[in-house]
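I have placed the structure first, in the form of structure tokens, so that the comments after it can refer back to it.
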Amino acid sequence: MVALSHRTEAAAVISIDLGSEWLKIGIVSPGVPMEIVLNKESKRKTPAVVAFRDDVRTFGEDATTVGVRFPKNCYKYLLDLLGKPYDHPLVHLYREKFPYYEIVKSERGTPEFVQDEKTKFSPEELVAQLLAKAKEFAETSHGQSITECVITVPGYFNQIERKALKDAAALAGLNVLQLINDYTAIAINYGIFRRKEINESAWHALFFDMGAMSTKAALVEYKMVKIKDKGYVETVPQLQVLGVGYDRTLGGLEMTLRLREYMIRQWENSGGGDVRNNPRSMEKLLKEAERVKIVLSANTEHYAQIEGLLDDKDFKLLLTRTEFEDLCKDLWPRVSGVVQRALAAAGGAGAGAKIVLAGGGARAPAVLTALRSVTGLEPSRSINADEAATMGAVYRAASLATGYKVAALNVRDAVLLPIQVVFTRQVDGNEKLVKRTLFGPMNPYPQKKVITFNKHTDDFSFNVNYAELDHLPSIELEYIGSFNLSHIVLTGVAETLAKHQGESIEHKGIKAHFNLDESGILNLINVEFVAEKTVTEEEEDKDSTLSKLGSTISKLFGSDSDQKQEDSGDKTQDVSHSEKNDTAKTNETTNDKPNVTDSETKVKPKIITLKEPIKTEEKLLTLEPFNEDEFKISKSKIMELNAIDRKRTERESALNNLEAFVVDAQMKIDTEEYAECGTPEDIEEIRKLCSEISDWLYEDGYDAPTETYEEKLKSLKEKTNPIFYKHWEHRERPDAVAALRSMLNSSQEFLKMAKNYTKDNPEKDIFTEVEISVLENKIQETETWLNKSVEEQNALKKNDDVKLTVDSIREKMAGLDREVKYLINKMKLWRPKKISKPKNETDNNNTEEVVLETSATEETKDSESNAVETEDVDSGGENTEPPLQLEEQKDDHSEL
């Protein structure tokens, strides 16, 4: 945190760790470096739950309370529904876990929750409301407008899931700087507090994160590397994700559900009745199973207890850790599988890596046992398992936001789902299917890649798909959904090639530029035809503009490496490579140059690069994201809910303000110190008005509109404010009078001293007689006014109009203070004149004296001399400057 600084124009940025079960928010703002945002209950994490009941929307703890009584109205565990078609296996699994929801297929083909006859919610809309609430918590807590954020995302999220989360953030009014993989955020948090341990020798950490819905393991390498991001080489610490394993359905919720099922069987076997068809009872059992599961992590046995589970019958059952672990015995080998897949993906790297735990599910003793078994090492709890991802993400947010500077930490994430380009081409009269990998497994990103088509002479198309996924378990392949991402059609190819013909022109193919951005989302940037032209000097001048343009575009899409793949048996190449500016330029311009030997003197021909865009149409083959109209409809729906909440909040605030003021007024007028500030008639009228409002509130006033509360509060304040004002005046007046008398005493002392610094004292001729007279008159006038005003005020009753107000006293103090400060400032600026001597007269040391009253330069010298004299006085010298002047000089110096 010491390594983070900001400029004054920096705006606050947040991180949102959106899990299946909990929501946590981090913030960085000017003067507030990296901290967790508290919710309205002053807690550091909030249940990721939203509920609707009686036209009231609630979040967090309030929503879970609603959910116990009305489970259908409470939406939770929403993350895994993002970006899924209605018939997706995970949607089917969700419906099995929570059968009380009414879920239908939307027009987009996604699942949709039916709230009532008029209202339906998509998962994106519900997640957007959670994100908007996180934004509101941050804005309320820190009093700043928030627009930018970094959001954590499960690393296994595919393209459409990531886009769906960004859509949800946009609906919430948030600009996503980056979607960061949750294990990468944890690794950042781990690394920034161990920067001193990172050196040229690589070391590794294996982060194991078991959450409510899934489990992930990531092997990360830390070491110092040399980079050239800023135009010069610098050595910085780097973390690189080497291997990742995951299980999308292995999490704490699965354990809770199994424990609930066991409790249901025990209830049914004891003749308790059928609870499965009672959503409220099922929700009570789920909540109790979650509680008992957590307790059994630290205890060997514990009672599960629910009052009035069904038909007023209570439930009580003793559960042991052994029984719980036996219920989940098939899950523990899956823990080992996640770790093994992470190590395998890393290619054997990371031997002896530290095992760092994150996520609530990792607390289970059986999970720890499984980890020890597969690694042979003791897991470490060296990070805050709940907040590590949040803090790592907010550090990343600060590094991406404008106005903040953080200590360098180079982050290289890794591709989990490889992506390839698939197309056909004619070979010996037959169509051949060609596959070219763009981003392979564990390739680092963000990164740009270019694939070159150099055998196509007419319009053609290609597909972008997920590549080989043999490294994933079969069940995980089902959860990915469609392997086809997009279909891209290129038109106008033949026309473009025809425009660039001739002996001096060599076609370099059609290049498609792709970018896998920091959020892990693939983008087709552009497609262009590229050729090289050998030119003379005249032709070079003619084509200079086009050449410069081509060079600029080439630099724009440059990248880090140059990788080429050849199809054996074919003379030409279909290239899939990422281009670095200089490397790409070299490869494209030198392959076919004449071979000039040392003995040759022929001048090399000049070659320029020609580029022309190709018309491209991209069609998504996965679930379609929101179109513009759908987005507007969802946005208006959320804004309407926000407006309802705002009106309700304003009404509740007005009601609370009225209730609080009535109680406060009743208590105050019943005390003597307030009652004596009003007439008996005034006090009685206020008592009656308070009683009437109080009775109205408790009878039918709770249904009144906001304006009614505000009007009644205004009428009550009009009656009470005069009394409260008089009480305040009588309470504050003694201190104000005492302050003025103290100022008069100090001013009198200053006046006595100032009289010694007039023309009567030639060596200290600072003040004029007029200045002394003005201050003296001001002191006498103020003192006379004060004595008279205090006497007049004391003669009045406390319920009479106030004559001597605190404001009038402050005004007199200000007037007196101005006169005194005027003289003090004059004393600060005053410099003594040196006495001149005749030119032929010398002192005892034969040192000649000179008159110093002539120039600004000489005055400056006097000033410097006086400063030295002042320091001598402080250190015990013999200078006789007045004490007040010296004190003011020291004060002035300290301010400077």
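The values are calculated or read from the model by the stated rules, or taken from the named source; none is laboratory data. Everything quoted here is computed from the prediction, not taken from an experiment. Note that each Cβ is placed from the backbone with ideal geometry, even for glycine, and that neighbours are counted across all protein chains shown.
A few notes on this one:
- Qualifying residue in region 115-126 (condition: in the same structural domain as V241 (by TED's automatic domain parsing), surrounded by 15 or more Cβ atoms within 10 Å (Cβ to Cβ) and under 25 Å from Y246 (Cα atoms)): yes
- Residues that are over 23 Å from K798 (Cα atoms) number at least 1 in the following helices (runs of 4 or more DSSP H) confined to region 624-723: 628-669, 680-699.
- Filter result for the condition that a residue is within 21 Å of G360 (Cα to Cα) and either assigned by TED's automatic domain parsing to the domain that holds A397 or surrounded by fewer than 16 Cβ atoms within 10 Å (Cβ to Cβ) (or both), over I198, I192, I227, I180: I180
- The residue of region 205-224 that is surrounded by the most Cβ atoms within 10 Å (Cβ to Cβ), among those that are without any contact (Cβ under 8 Å) to a residue 40 or more places away in the chain and within 12 Å of Y190 (Cβ to Cβ), is V220.
- The listed residue being surrounded by 12 or more Cβ atoms within 10 Å (Cβ to Cβ), on the phi < 0 side of the Ramachandran plot and outside any helix (DSSP H, G or I), out of K798, K726: K798
- Filter result for V374 (farther than 25 Å from Q178 by Cβ, in contact (Cβ under 8 Å) with a residue 24 or more places away in the chain and surrounded by 17 or more Cβ atoms within 10 Å (Cβ to Cβ)): yes
Residues checked against (1) β-branched (V, I, T); (2) surrounded by 11 or more Cβ atoms within 10 Å (Cβ to Cβ); (3) without any contact (Cβ under 8 Å) to a residue 60 or more places away in the chain:
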position: E673; (1), (2), (3): no, yes, yes
position: C677; (1), (2), (3): no, yes, no
position: I683; (1), (2), (3): yes, yes, yes
position: R687; (1), (2), (3): no, yes, yes
position: S691; (1), (2), (3): no, yes, yes
position: W696; (1), (2), (3): no, yes, yes
position: T706; (1), (2), (3): yes, yes, yes
position: K712; (1), (2), (3): no, yes, yes
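- Region 309-332 residues that are in a helix (DSSP H, G or I), paired with ones that are among the hydroxyl-bearing types (S, T, Y) (beta carbon under 6 Å, 6 or more apart): R321/T300; L327/Y262
- Search result, residues across region 781-837 that are of a type in the set (A, V, I, L, M), within 30 Å of K719 (Cα to Cα) and over 52 Å from the mean Cα position of the chain (by Cα): V790, A795, L796, V802, L804
- Region 803-827, subset in a helix (DSSP H, G or I) and of a type in the set (S, T, Y), residue surrounded by the most Cβ atoms within 10 Å (Cβ to Cβ): S808
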